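What follows is a short report on a single structure.
The values are calculated or read from the model by the stated rules, or taken from the named source; none is laboratory data. None of the values given here were measured: they were computed from a predicted structure. Don't worry about glycine lacking a Cβ; one is built from the backbone with ideal geometry, like all the others, and counts go over all protein chains shown.
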Amino acid sequence: MSHTVLVTGANRGIGLECVRQYLAEGSRVIACCRHPEQAQALQALAEAHPSTLELVALDLSQPEQLEGLKAYLGDQSIDLLISNAGVYGPKGLALGQIQADDFAPVMAVNVLAPLLLVQTLMVNLSRGAKVALLSSKMGSITDNGSGGSYLYRASKSALNAIGKSLSVDLADQGVSVALLHPGWVQTEMGGPNALISPQTSVLGIRRVLEQLDLSNSGRFLNYDGSEIPW
């Protein structure tokens, strides 16, 4: 039986690299992004892997689209769910500049959407499935020594709380959950001065997920497997 991986935010950066690497190891991949018809790299991968890569339109800022994803999947089983899609929000906002309207879009995509995604696809998760929630070290309250980045930090801290609860509530289903910091990665969000490539990040993430089971579910981990303080 083939191993099925579903990835959100699959059109670029870490998500796209997840698609590449899991296809290369022989997995069947369901790649979700807002506009797959405009995602040239994904389209090229789909042409090269017509039997193992499926492209699905999904805008996680529109929760009603999750029902469409559920209908598309039907009774298909998911062995690995990678919730990667996220936004940073307005950059460079200092204390005194933050507006109420800035907050809701970041929380909707980074916090509510992953929760609703897992909730919607819970029945599709196979016994022993794994859920990877892409968090960030910036969500660590213990590690915050520089302040700022209020919206992004808050969203990732909240995501960590959700992931911990999911690890408890999904344990009876045999599903394990990891909160993963991918590193400072050379992506559109991370910028060109970031320390590692998407290839290095995803290779590390895959190694961490290979070791994930119910005994270590619910932890906040770096891409190299080291634990990050809450």
Does the stretch 60-74 include one or more residues that are within 27 Å of GLY190 (Cα to Cα) and among the hydrophobic types (A, V, I, L, M, F, W, C)? yes
Of LEU203, LEU133, LEU166, LEU209, which residue is of a type in the set (A, V, I, L, M), within 22 Å of MET107 (Cβ to Cβ) and part of a helix (DSSP H, G or I)? LEU166
Hey, among the residues in the stretch 165-180 that are touching a Leu at 6+ places or on another chain (Cβ under 7 Å) and of a type outside the set (Gly, Ala, Ser), which one's surrounded by the fewest Cβ atoms within 10 Å (Cβ to Cβ)? GLN173
Does GLY183 satisfy being part of a loop (DSSP other than H, G, I, E, B), surrounded by 18 or more Cβ atoms within 10 Å (Cβ to Cβ) and touching a helix residue (DSSP H, G or I) at 6+ places or on another chain (Cβ under 6 Å)? yes
Can you name every residue in the stretch 144-164 that is within 24 Å of GLY96 (Cβ to Cβ) and surrounded by 14 or more Cβ atoms within 10 Å (Cβ to Cβ)? ASN144, SER149, TYR150, LEU151, TYR152, ARG153, ALA154, SER155, LYS156, SER157, ALA158
Residues of the stretch 149-201 being hydrophobic (A, V, I, L, M, F, W, C), modelled with pLDDT of 95 or more and closer than 21 Å to LEU212 by Cβ, in sequence order, are LEU159, ALA161, ILE162, LEU166, VAL168, LEU170, ALA171, VAL175, VAL177, ALA178, LEU179, LEU180
